[in-house]
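Just passing along the structure, written as structure tokens.
The values are calculated or read from the model by the stated rules, or taken from the named source; none is laboratory data. Source: prediction; values computed, not measured. For neighbour counting, all protein chains shown are included, and Cβ atoms are generated from backbone atoms with ideal geometry for every residue, glycine included.
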Amino acid sequence: MEEEKREQEKPEEKIEPCENAENCSKNKKKDKKEAKLEEKISFLEKEVDKWKNSYYRSYADTENLRKELEKDYREALKYRLSSFIEDLIPALDAFDAALGVEVTDEKLKNYLLGFTYIHNNLLNILEKEGIKVLDTKVGEVFDERTMHAIEVDESEESEKPIVKEIKAKGYKLHDHLLRPILVKVTKAKEISKEKKLDA
């Protein structure tokens, strides 16, 4: 009989957590702690994402800056001689003018030969550094990309402007035009308005 009573009492001993005041306060404290921890975890996860994004953005910006600086450095190296060549061009023009003079005196011919040798050596050195001498021939069509007309022959007209005289050679450093070829050209025929409308 006593055992039956004990067995019947056992299920009644199971008290709901909040019926017991001590258990209830402990459970509430646990729930509050868990909620605070979950809130803190959520906040920290957001912070991690924020700093991760910030890091990747900074890393990408740094990489882009590094690439731009490397490109600028390569460009600066490539064109480092630009101002030096521009200062040297008048001396090269003087060489061209001196070598273009026809002489009959033997002594002057020897001097001219020496000047030619120096001039050729100088041009070879410049060519190794990426400088290209631009030249043209009389009778060729004027090319505005590499030539500059400093004089126009008004008496002679042609379909397109033609090089009549070469005043000075042009110079190019890699793909950068330092000075165009200076030329005298023939006057281009003006196309009438009717012809323009037909085209």
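Considering only the range 153-175, state which residues are in a strand (DSSP E or B), surrounded by 15 or more Cβ atoms within 10 Å (Cβ to Cβ) and not acidic (Asp, Glu).
Matches in the range 153-175: Ser158, Ile162, Val163, Lys164, Ile166, Ala168, Gly170, Tyr171, Lys172, Leu173.
Might you let me know whether the range 110-132 holds any residue that is of a type outside the set (Asp, Glu) and either in contact (Cβ under 8 Å) with a residue 60 or more places away in the chain or in contact with a His (Cβ under 7 Å, 6 or more places away or on another chain) (or both)?
Checked against the condition, which is being of a type outside the set (Asp, Glu) and either in contact (Cβ under 8 Å) with a residue 60 or more places away in the chain or in contact with a His (Cβ under 7 Å, 6 or more places away or on another chain) (or both), the range 110-132 yields at least one hit.
Which ones in the range 85-122 are loosely packed, with under 10 Cβ neighbours inside 10 Å and either closer than 17 Å to Lys132 by Cβ or of a type in the set (Phe, Trp, Tyr) (or both)?
none
Restricting attention to the range 40-84, which residues are among the aliphatic types (A, V, I, L, M), surrounded by 10 or more Cβ atoms within 10 Å (Cβ to Cβ) and either over 23 Å from the mean Cα position of the chain (by Cα) or modelled with pLDDT under 90 (or both)?
Those that are among the aliphatic types (A, V, I, L, M), surrounded by 10 or more Cβ atoms within 10 Å (Cβ to Cβ) and either over 23 Å from the mean Cα position of the chain (by Cα) or modelled with pLDDT under 90 (or both): Ile41, Leu44, Val48, Ala76, Leu81.
Residues in the range 17-36: is at least one modelled with pLDDT of 85 or more and either of a type in the set (Ser, Thr, Tyr) or out of contact with any helix residue (DSSP H, G or I) (no Cβ under 9 Å at 6 or more places or on another chain) (or both)?
Yes, the range 17-36 contains a residue that is modelled with pLDDT of 85 or more and either of a type in the set (Ser, Thr, Tyr) or out of contact with any helix residue (DSSP H, G or I) (no Cβ under 9 Å at 6 or more places or on another chain) (or both).
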